[in-house]
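Read the structure below first, then the notes.
The values are calculated or read from the model by the stated rules, or taken from the named source; none is laboratory data. Small disclaimer: the values here were computed from a predicted structure and weren't measured. Neighbour counts are summed over all protein chains in view; Cβ atoms, including those assigned to glycine, are modelled from backbone coordinates with ideal geometry. Calculation scope for accessible area: heavy atoms of the full protein, side chains included, ligands and nucleic acids excluded. Shrake-Rupley method; radii C 1.70, N 1.55, O 1.52, S 1.80 Å.
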Amino acid sequence: MGAKGISGEGRALVNCYLRCYLAGACFNARGYYSVGLSYAMDPGLRAIHKTPQTLMEARGRYVNHFNTHLFWLPCLVGIFLTAERHVAAGHMPAKMIERLKDTAGYTLSGIGDSVFAGSLLIFWALSSICLLLAGCRTLPLLVGAGFFVGLQFFRVYTFWAGHRRGLAFLEGLRRWDLINWGQRIKLLNGLLLLCLWLLAWPRPLLWTDWIYMTLGMAFFARFLQHRQVPREVVLVAFLLVMGALPWIAGGVKMLFERLTG
């Protein structure tokens, strides 16, 4: 392949990666990220499939329902492009891409929701709030910038590795043990939440208030776990009860004094 072909393929890969940033703009309840995936894949598909018929068939493989976590989308686009090359070369049946798209997309969606949305994003938010409450101003900005730059490195690396290694990269992701890392970060988030309470709690710190707070959170968490009630409703009810706690405690104290004479 000449220099012109290599340059054209490289431009197609760069365009595919950059289009991944726009995948969430066309989210819809019917296809989820199918429009964004099709848009991201199109430059690579045009570079791989040279005839109008094969290009049309390849495009049709990405217009159906597709869902994943957007941080993983560059990785999946790279893997799908490698799979399309195998299809174009006759080394893989086209039907395998549809099964790969569903299996890999949903698997990485669960991992992404647990590790990124449910762990790292919360860690960044809690750590930034704690630093601000502690009086720091520059450090939270640096932490946020560090997370942002780290995310870009992650997206670039997974796109490159997915394109270079294909399905083998999915096997390698198992060794990253991301689910367990997500659980460890959630435990750390619990400690950060405790730090946030210590920093934000009105002075003086009374152990009785902490007991009420802990029991209240335990009660509402248990209620949320076993009842089909929206989380927003439970959160608002918890905040209202905590706000009314001084009056509740005063009423209980007054009632106790009357009963004991």
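In the set I129, I111, only one residue is under 23 Å from P74 (Cα atoms) and either open to solvent by less than 40 Å² (accessible area, probe 1.4 Å) or part of a helix (DSSP H, G or I) (or both); that residue is I111. For the range 82-103, a residue qualifies if it is part of a helix (DSSP H, G or I) and open to solvent by 10 Å² or more (accessible area, probe 1.4 Å), and the qualifying residues are T82, R85, H86, V87, A88, K95, M96, E98, R99, L100, D102, T103.
For beta carbons closer than 8 Å, sequence separation of 6+ or different chains, a first residue in the range 147-159 that is closer than 24 Å to A12 by Cα and surrounded by 13 or more Cβ atoms within 10 Å (Cβ to Cβ) and a second that is of a type in the set (G, A, S) and at pLDDT below 95, the qualifying pairs are T158/G78; F159/G78.
Can you name every residue in the range 44-61 that is open to solvent by 10 Å² or more (accessible area, probe 1.4 Å), closer than 22 Å to F169 by Cα and either under 26 Å from the mean Cα position of the chain (by Cα) or without any contact (Cβ under 8 Å) to a residue 12 or more places away in the chain (or both)?
So the first thing to find is which residues in the range 44-61 are open to solvent by 10 Å² or more (accessible area, probe 1.4 Å), and the list is 46-57, 59-61.
Within this subset, residues satisfying the condition of being closer than 22 Å to F169 by Cα are 48, 61.
Listed by number, the list holds a single entry, R61.
Only a single item in (1) without any contact (Cβ under 8 Å) to a residue 40 or more places away in the chain; (2) within 16 Å of Y106 (Cβ to Cβ); (3) surrounded by 21 or more Cβ atoms within 10 Å (Cβ to Cβ); (4) touching a Phe, Trp or Tyr at 6+ places or on another chain (Cβ under 6 Å) is not met by R19, and it is number (2). Within the range 62-81, identify whether any single residue is among the β-branched types (V, I, T), at pLDDT below 90 and crowded, with 19+ Cβ neighbours inside 10 Å, and answer yes or no. Yes - at least one qualifying residue is present in the range 62-81. Does the range 24-61 hold any residues that are part of a loop (DSSP other than H, G, I, E, B), among the basic types (K, R) and more than 14 Å from I97 (Cβ to Cβ), and which are they? Hits for the range 24-61 are R30, K50.
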